[in-house]
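First comes the structure, then the notes that go with it.
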Amino acid sequence: MSKFTMDADWLHWHQSPSKPAYTPPAGAVDAHCHVFGPGDQFPFAPERKYTPCDASKDQLWALRDYLGFSRNVIVQATCHGADNRALVDALNHSNGMARGVATVKGSVTNAELEQLHAAGVRGVRFNFVKRLVDALPFDSLQSIAERIKHLGWHIVIYFEAQELPELYDFFTALPTTVVVDHMGRPDVSKPVDGPEFQLFVKLMREHENFWSKVTCPERLSLAGPPDYGDVVPFARHIVDAFPDRVLWGTDWPHPNMKSHVPDDGKLVDFIPKIAPTAELQQKLLVDNPMRLYWQD
Ligand code: 0GY
């Protein structure tokens, strides 16, 4: 029997987020968000490390419209393991306005990959965060990377800053575009120009196939809401240095948030602080995600 009940073990997502003061440009993409369940329709993975709150596709579309966005990139989270049915269901009901990033095992068949592609999947996620997942061995990941390459997919990687030195060579050998979740989760109590964050900057600078999501101030901040001011210098640094290789997303419904319930409206108001000009905002919210996810 699972050690989990069906009760979420993190705070429920915000039921009445504020209306953002910032208006995103036309066609803006929320490029990092999730759908969870509903658990009675799409059961959570037995091997999961947490149980999420249900967060349905219809609730995601409602949030998208409320915040002033047009499209979503839905990222498979560990609580659904490599069972992408909830993701595929959302993509199939998105009228083409959502694309996806799946999680697959080494045993995935080419036919399954092609079905995922037809539904709108354009990438796979490799998760190295130890509290979330028991990562697959490097050779399995390498073999998945080789197999998704010919579909034109990219790889999304999730890790924490202290793990980067040991993962660096594996990452830089990956044969596709690689998108890093949440700027590699820097410890924002350390300086932007210190060795830890500068290793991530070096990865981005020396490897032009690397992109970064400038996401999740609510997870990274020690200062907390509503401004998440201590995250701004990190995200701004990445947007300034690599304006054509950055993505932004809400991270709704914010799995595993235990410190506070993020207000999605305030997260949207974070955008102009990290991308202060209309030109940077257009790249971050429209041009870059469209190039990566809606080429076809
Ligand atoms: C995120 C962050 C988290 C969870 C997952 O796959 C996941 O379970 O990504 C986290 O707990 O930091 O991007 O959703």
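The values are calculated or read from the model by the stated rules, or taken from the named source; none is laboratory data. Owing to the predicted nature of the structure, the values given are computational and were not obtained by experimental measurement. So basically every Cβ, Gly included, is an ideal-geometry build from the backbone, and we count neighbours across all protein chains shown. Areas reflect the complete protein model, heavy atoms only, side chains present, ligands, DNA and RNA absent. Shrake-Rupley method; radii C 1.70, N 1.55, O 1.52, S 1.80 Å.
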If I filter region 69-86 for residues that are open to solvent by 20 Å² or more (accessible area, probe 1.4 Å) and closer than 26 Å to Gln282 by Cα, do I get at least one hit?
yes
Determine if region 178-195 includes at least one residue that is farther than 21 Å from Lys130 by Cα and either within 16 Å of the ligand (Cβ to nearest atom) or in contact (Cβ under 8 Å) with a residue 60 or more places away in the chain (or both).
no
Those residues of region 256-296 which are in a loop (DSSP other than H, G, I, E, B) and modelled with pLDDT of 95 or more amount to Pro262, Asp263, Phe270, Ala275, Pro276, Thr277, Trp294
Among residues belonging to region 240-296 that are surrounded by 22 or more Cβ atoms within 10 Å (Cβ to Cβ) and of a type in the set (Asp, Glu), point out the one that is nearest to the ligand (Cβ to nearest atom).
Asp251
Could you list, in sequence order, the residues of region 186-220 that are open to solvent by 40 Å² or more (accessible area, probe 1.4 Å), more than 18 Å from Asn288 (Cα to Cα) and not in a helix (DSSP H, G or I)?
Asp187, Ser189, Lys190, Pro191, Asp193
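For (1) more than 21 Å from the chain's Cα centre (by Cα); (2) more than 20 Å from Ser221 (Cα to Cα); (3) surrounded by 20 or more Cβ atoms within 10 Å (Cβ to Cβ), each residue gets a yes or a no:
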position: Tyr158; (1), (2), (3): no, no, yes
position: Asp169; (1), (2), (3): yes, yes, no
position: Pro175; (1), (2), (3): no, yes, no
position: Val180; (1), (2), (3): no, no, yes
position: Gly184; (1), (2), (3): no, no, yes
Could you tell me whether region 116-132 includes any residue that is within 14 Å of the ligand (Cβ to nearest atom), within 15 Å of Cys79 (Cα to Cα) and over 16 Å from the mean Cα position of the chain (by Cα)?
yes
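A quick yes/no check of all residues on (1) over 23 Å from Asp287 (Cα atoms); (2) part of a loop (DSSP other than H, G, I, E, B); (3) out of contact with any His (no Cβ under 6 Å at 6 or more places or on another chain); (4) not hydrophobic (A, V, I, L, M, F, W, C):
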{"position": "His12", "(1), (2), (3), (4)": "yes, yes, yes, yes"}
{"position": "Gln15", "(1), (2), (3), (4)": "yes, yes, yes, yes"}
{"position": "Phe42", "(1), (2), (3), (4)": "yes, yes, yes, no"}
{"position": "Asp65", "(1), (2), (3), (4)": "no, no, yes, yes"}
{"position": "Ser94", "(1), (2), (3), (4)": "no, yes, yes, yes"}
If a residue has to be within 30 Å of Pro25 (Cβ to Cβ), open to solvent by 10 Å² or more (accessible area, probe 1.4 Å) and not polar (S, T, N, Q) to count, how many in region 45-66 make the cut?
8
For region 102-115, what are the residues that are within 16 Å of the ligand (Cβ to nearest atom) and either at pLDDT below 95 or not in a strand (DSSP E or B) (or both)?
Thr103, Val104, Lys105
If you go through Ala118, Ala21, the only one that is part of a loop (DSSP other than H, G, I, E, B), modelled with pLDDT of 95 or more and surrounded by fewer than 14 Cβ atoms within 10 Å (Cβ to Cβ) is Ala21
Considering residues of region 196-238 that are basic (Lys, Arg) and within 15 Å of the ligand (Cβ to nearest atom) only, the residue farthest from Glu160 (Cα to Cα):
Lys213
List pairs: first residue in region 8-37 and more than 19 Å from Asp269 (Cβ to Cβ) and within 13 Å of the ligand (Cβ to nearest atom), second residue basic (Lys, Arg) and modelled with pLDDT of 95 or more anywhere in the structure, Cβ distance under 8 angstrom, at least six positions apart or on different chains.
Val35/Lys57
Every pair of residues 6+ apart whose Cβ atoms lie under 6 Å, when the first sits in region 68-79 and is under 18 Å from Tyr50 (Cβ atoms) and in contact (Cβ under 8 Å) with a residue 40 or more places away in the chain while the second is of a type in the set (Val, Ile, Thr) and open to solvent by 20 Å² or more (accessible area, probe 1.4 Å):
Gln76/Thr103; Thr78/Val133
Consider Asp65 carefully, then state whether it is within 16 Å of the ligand (Cβ to nearest atom) and modelled with pLDDT of 95 or more.
no
